[in-house]
Amino acid sequence: MARARDVRAARELPRVVVPDVTNTCLDMLKARSRRVLPQDVGPSIAPGPPTTAPRSDILWLEPYPDAILPAVPGPEQAGRLREGIRLAFVRVVQVLPPRQRAALILHDVLDWSVAEVAAILETTEAAINSALQRARAAIARPREQSPALAPRHAEVVDRFVHAWESGDFDDFIELLATDAVMNMPPWQYWLDGKDAVVATMRSSGTWDGEPRPGRYRIMPAPMNAEPGGLAYVRGPEGRYHAVCLTALSLDADGRVAGLTTFVLPDLFAAWGFTPVLDA
């Protein structure tokens, strides 16, 4: 997934430079593997913590902090940019052919006109309109998130934080959709369905004992234009250490349909969070 500086750099490139850069990127897209989530590469597993080693040989999707999104001139452009980094959107857009992907990002995310995109990709406006139509049809379902859900984000995060910090999951469980899915890269690990997610949350293996207050600290941190939080786990000396980041994807009814937990503690510092919290 592109970092914030990549998006900013793309918007600031002189128009005469962009075609060469874009065509170079197209060549790279054709040659490289796409980033994936665990559910893209294997079957779901039984409830409980991971039982195998992490997979460093797979190019996993990574989270993107809302706090460092580039500034845009208006609410419509801001909406497009935020929509363009949603995990569901990013996951599906990567399966598009390179030219459809480039056209979609240049037009729908970076807000360049059809004429400009056609010039960059050295083709006609009719071809770009056709590519955009096919690309949007392919990703239509993941983009079906109503802006009306935005106020729901704070409530979801509050209940998520309370669940993990108190060890009482009953309230948060009410938010889970029946078909909720949980992914946990860099393990080839994903859970299919609410029952499996709940069983794992309550597993003694997840907690190194019974669920209890004081085991975790959660710092709210929106990512990929979705509610989310950064988790710290309490060490034997009493301090809390960075462990993982979780993005929560909501369905059209405002229920949690997806939990993607990225076990990437090195990202905490990059996002401006301390890697260790005092007790």
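Values quoted throughout were computed directly from the atomic coordinates according to the rules given, and no laboratory measurement underlies them. All figures in this text were calculated on a predicted structure; none of them were measured in a lab. In this analysis, Cβ positions are derived from the backbone assuming ideal geometry, glycine residues included, and neighbour counts consider all displayed protein chains.
Share of antiparallel DSSP beta bridges in the range 147-277, in percent to the nearest 5?
Around 85 percent of the beta bridges assigned by DSSP in the range 147-277 are antiparallel ones.
Full extension from Asp111 to Ala154: what is 0.36 nm times the residue separation minus their Cα-Cα distance, to one decimal in nm?
12.6 nm
Under 5 Å between amide H atoms, partner at least 5 residues away or on a different chain: which partners does Phe262 have, H built in plane at 1.01 Å?
Leu245, Thr246, Ala247
If neighbour count is taken as other Cβ atoms inside 10 Å, put Glu62, Glu174, Glu165 in order from fewest to most.
Arranged by neighbour count, lowest to highest, Glu62, Glu174, Glu165 become Glu174, Glu165, Glu62.
Give the long-range amide H neighbours of Ala177: residues separated by 5 or more places, or on another chain, with amide H under 5 Å away, using H modelled in the peptide plane at 1.01 Å from N.
Those qualifying (amide H under 5 Å, at least 5 residues apart or on another chain) are Val256, Ala257.
Going toward the positive end of the dipole of the range 142-279, with +1 on Lys and Arg Cβ and -1 on Asp and Glu Cβ, which of Ser203, Phe262, Leu175 do you reach last?
Phe262
Arrange the following residues from fewest to most other Cβ atoms within 10 Å of their Cβ: Met182, Met219.
Starting with the residue having the fewest Cβ neighbours, the order is Met219, Met182.
What are the ³J(HN,Hα) couplings of the range 194-202, residue after residue, when phi is run through the Karplus curve with 6.51, -1.76, 1.60 and θ = phi - 60°? Round to Hz, x for glycine and proline.
So the J values, rounded to whole Hz, are 4, 4, 5, 5, 5, 4, 6, 4, 8.
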